[in-house]
Amino acid sequence: IKMAVGFERYVTADSGSERPAVAVGGEGTAMPENPFHEAGFDAYATGCVFARLRGHVALEEYRNRLNLLKSLFGFNLAGEDRIAEKGLIYHLSEFPKEIANQDILEMFGRDVGTVTIKWIDDTSMFVIVRDNSKEELVTERVKSASETMKVKSLEEYLQG
């Protein structure tokens, strides 16, 4: 493996080993005291973690897939995309810009369990209720909310 120019500042020679040892600062090194969050070192550390994990995880199910932070979907580059979130998922829209997370959480109530909000823009969002067993209670609250905003299940939203 040939490393990029400048990479040598992140490693030390480890006699008897084919792989470099990471030097985390200290005497006699040009490396910063805390290299984390430098782009080059973070890329190297991510690669090391990935290489280590590949021996512990069945990677076939993750081949050609991208998971994007804050997205409902896992993208499959070789086939059908899938919904990455689990639970009861609703699309809320056409509500006042002043509405806040706390308003939505109060609307659904504490008794439905964990509720996750994924904002799309100022007047639309996805709301995920993690506990599928609360579907009847959530449906009742969604119906009353539809008087002040547009509410669709994920299936209705995807159909257009």
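Under 18 Å between alpha carbons, and skipping anything fewer than 8 positions from residue 97 in its own chain: which lysines qualify?
Straight-line reach from residue 97, under 18 Å: 118, 150.
Just flag the trypsin sites (Lys or Arg not before Pro) in the range 88-155 sitting in loop per DSSP whose Cβ has no more than 16 other Cβ atoms within 10 Å. Display every interim value, and only then the final one.
Values: sites: 97, 110, 118, 130, 134, 141, 143, 150, 152; in loops: 97, 130.
Passing both the DSSP loop test and the Cβ count: 97, 130.
What ³J(HN,Hα) values, in whole Hz, does the Karplus curve 6.51 cos²θ - 1.76 cosθ + 1.60 give for the range 108-118 when θ = phi - 60°, with x put for Gly and Pro?
Using θ = phi - 60°, the values come out as 6, x, 6, 6, 8, x, 5, 10, 10, 10, 10 Hz.
Using a 1.4 angstrom probe, figure out how much accessible area the range 52-122 has per residue, in square angstrom, rounded to the nearest whole.
Working: 5170 Å² over 71 residues.
Per-residue accessible area for the range 52-122 comes out at 73 Å².
Using a 1.4 Å probe and counting only protein heavy atoms, arrange 37, 91, 56 so the residue with the most accessible area comes first.
From most accessible down to least: 37, 56, 91.
The values are calculated or read from the model by the stated rules, or taken from the named source; none is laboratory data. As the structure is a computational prediction, the values presented were derived from the model and not from experiment. Every residue, glycine among them, receives a Cβ derived from its backbone with ideal geometry; neighbour counts consider all protein chains shown. Keep in mind that these areas ignore ligands, DNA and RNA; they rest on the heavy atoms of the full protein, side chains included. Shrake-Rupley method; radii C 1.70, N 1.55, O 1.52, S 1.80 Å.
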